[in-house]
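Here's the structure, in structure tokens; my notes come after.
The values are calculated or read from the model by the stated rules, or taken from the named source; none is laboratory data. Not measured: the values here are computed from a predicted model. FYI the Cβ positions are ideal-geometry reconstructions off the backbone, even for glycines, and counts take in every protein chain you see. Areas reflect the complete protein model, heavy atoms only, side chains present, ligands, DNA and RNA absent. Shrake-Rupley method; radii C 1.70, N 1.55, O 1.52, S 1.80 Å.
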Amino acid sequence: MTSGLTRTSIAFHLITAVLLVELASAVLVILLAWGYERHAHFHSFDVMLRGRADSVLGAVQDAEDLGDNVMLDLADLHVPPEDIYEVWDGRGHLLGRSPNWPGSAGVDVPHENGVFRFRFNDRGYRLLRLHGSRTVDPGEPGGGHLRFVTILYGAPTDRVWRAVYATVEFYALGMLLLVLITGPLIAWVLHRGLEPLRQLAALAGNVSADSWQFSPPASARETAELAPLTSALESVLYRLERSFNQQRTFISDAAHELKTAVAVVKSSLQLVGMRQRTPEEYQAGNERALADTERVEELVAKMLTLARFESASPSAAGATCNLNECISETVSELSTFAAMRQVELAAFDLPAPSCFVPLSAEDCAVVLSNLLMNAIQHSPSESQVDVRVSVQAGCVELTVQDQGEGIDPAVLPHVFERFFRGDPSRTRATGGSGLGLAICKAAVDKVGGAIALSSETGKGTTATVRFPAA
């Protein structure tokens, strides 16, 4: 059911992110362009103002009077009609101003040379204040008379702003055109770039319980971002396929074992009912049927135990038990069975005072009883089964060693498989189901431990279990 889920697209998010970055970059470029163009144009404008103010200064001439004053010669002065100017001599006398300006009386003019802004007739102006000097009668002794003048020269900034805005509009249109062109191109590139991911998803979607074929495309393996995902999918699917195959094998083997056990019970009952028998014969037949039923019950119990250990979630997370106590109790419980087979159980080197492993007491007893039962059943009379425990760095090692006939090297790799019997006739005689070692391995693996068998034909077998220390 996916009706309540909102799907998101990686490609959509990537394209959106890239376009947003492009738009942000475009805005930044436009702002930088606006700042640069404004600075450049007004710098040029200020240079132009200084040049025109110098031309006004050049129009200041000797008044040819007795006081050696200066005057503004308008005949040699040519300025744009929209510009404004005003000239004062060093004594504060007005020498002249442009006819389109009433003067600087209402303008807050700074006392230092420089450029400032003001508004006149609802137009923006930049006004330059310039202190200059002119030499009157330079041919006289002493080099003439130096006269100082102050010039205010301004020009409207409308054209400058129009030039700045035109340049910024050009940049803006160029960036917009770039985004419109690169947007679809980026979408196409990302679509092509994500093609290996879509191929991988399509191949993974074709995997089912009946078809585990999964061959990732070479493009997925060669892509650095997809290679870990490809490896993870292959690993997961391999484990799933193996688990499914194990489940099928387990069901098939379990059905076969149960069918055989039920057939034995059925044959025992049919044998009793084939003819009229004495009460003693009926009693013996019932006892055989009861024994066969108990074997079926034991087989089912072991199958349930194995299923419990192989379940995905721990049944007793965080449980621990004292391995020494568990060994003592299990040896005590099996001592009668061992004595009947004339086998001695001996526990050596148990750490004092205690040794804890990450298993519940019940699970620990299951592991120990299966290992000890195997050892006892495969030990000859007048022999001994040794149980030892050693504690190493972060690890507890349990060994169960018998003096039996050993295991054929060709059989040894299969001993932990479910329902595996190295010698079917012998295990049938001893009541073996082929699940004991599989149960031990499942229990040990579940807590992060390891189990292994080593054997030498004619000398015996040693089971070694390593638990992480609790």
query = Taking the range 25-62, which residues are farther than 30 Å from residue 96 by Cβ and either open to solvent by less than 60 Å² (accessible area, probe 1.4 Å) or aromatic (Phe, Trp, Tyr) (or both)?
reply = 25, 26, 29, 30, 33, 34, 35, 36, 37, 40
query = Name the residues in the range 346-375 that are surrounded by fewer than 22 Cβ atoms within 10 Å (Cβ to Cβ), touching a strand residue (DSSP E or B) at 6+ places or on another chain (Cβ under 7 Å) and closer than 25 Å to residue 405 by Cβ, would you?
reply = 346, 347, 348
request  = Residue by residue through the range 436-468, note down the ones that are outside any strand (DSSP E or B), small (Gly, Ala, Ser) and within 32 Å of the chain's Cα centre (by Cα).
outcome  = 442, 448, 449
ask   = So which residues in the range 70-108 are open to solvent by 50 Å² or more (accessible area, probe 1.4 Å), within 19 Å of residue 49 (Cα to Cα) and not charged (D, E, K, R), if there are any at all?
value = 74, 78, 81, 88, 99, 100
ask   = Quick one: in the range 111-124, which of the residues that are under 28 Å from residue 145 (Cβ atoms) and either touching a Leu at 6+ places or on another chain (Cβ under 6 Å) or not in a strand (DSSP E or B) (or both) is modelled with the highest pLDDT?
value = 113
request  = Kindly list, by first and then second residue, each pair from a residue in the range 1-18 that is surrounded by 11 or more Cβ atoms within 10 Å (Cβ to Cβ) to a residue that is part of a loop (DSSP other than H, G, I, E, B) and modelled with pLDDT of 75 or more, limited to pairs with Cβ atoms under 9 Å and residues at least 6 apart or on different chains.
outcome  = 11/194; 14/194; 15/9
remark   = The residue from 379, 433 that alone is modelled with pLDDT of 85 or more and assigned to a loop (DSSP other than H, G, I, E, B) is 379
key: Tally of residues being among the charged types (D, E, K, R) and under 47 Å from the mean Cα position of the chain (by Cα) across the range 364-411   = 2
remark   = The one condition residue 220 fails out of (1) under 22 Å from the mean Cα position of the chain (by Cα); (2) surrounded by 15 or more Cβ atoms within 10 Å (Cβ to Cβ); (3) modelled with pLDDT of 80 or more is (3)
inquiry  = All but one of (1) more than 26 Å from the chain's Cα centre (by Cα); (2) surrounded by fewer than 16 Cβ atoms within 10 Å (Cβ to Cβ); (3) of a type in the set (Ser, Thr, Tyr) hold for residue 150; state the number of the condition that does not hold.
reply    = (2)
ask   = Just checking, how many residues over the range 270-291 are surrounded by 15 or more Cβ atoms within 10 Å (Cβ to Cβ) and modelled with pLDDT of 75 or more?
value = 3
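State whether one or more residues within the range 244-251 are touching a Leu at 6+ places or on another chain (Cβ under 6 Å) and either assigned to a helix (DSSP H, G or I) or surrounded by 13 or more Cβ atoms within 10 Å (Cβ to Cβ) (or both).
There is no residue in the range 244-251 that is touching a Leu at 6+ places or on another chain (Cβ under 6 Å) and either assigned to a helix (DSSP H, G or I) or surrounded by 13 or more Cβ atoms within 10 Å (Cβ to Cβ) (or both).
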query = How many of the residues making up the range 130-144 are at pLDDT 75 or above and open to solvent by 40 Å² or more (accessible area, probe 1.4 Å)?
reply = 4
query = Of the residues 461, 427, which is at pLDDT below 90, touching a Gly at 6+ places or on another chain (Cβ under 8 Å) and either surrounded by fewer than 15 Cβ atoms within 10 Å (Cβ to Cβ) or on the phi < 0 side of the Ramachandran plot (or both)?
reply = 427
key: Where a residue in the range 54-65 is more than 26 Å from residue 127 (Cβ to Cβ) and its partner, wherever it lies, is buried (at least 18 other Cβ atoms within 10 Å of the Cβ), with Cβ under 9 Å and at least six apart   = 62/70; 62/134; 62/136; 62/147; 63/70; 63/136
message = Pairs needed: first member in the range 185-199, under 11 Å from residue 220 (Cα atoms) and open to solvent by less than 90 Å² (accessible area, probe 1.4 Å); second member anywhere, in a helix (DSSP H, G or I) and not polar (S, T, N, Q); C-beta distance under 8 Å; at least 6 residues apart or different chains.
response = 194/10; 194/11; 196/220; 197/10; 197/220; 199/220
key: Filter result for the condition that a residue is touching a His at 6+ places or on another chain (Cβ under 7 Å) and among the small types (Gly, Ala, Ser), over 33, 53, 11   = 11
task = Go through the range 390-406 and count every residue that is open to solvent by less than 40 Å² (accessible area, probe 1.4 Å) and assigned to a loop (DSSP other than H, G, I, E, B).
result = 3
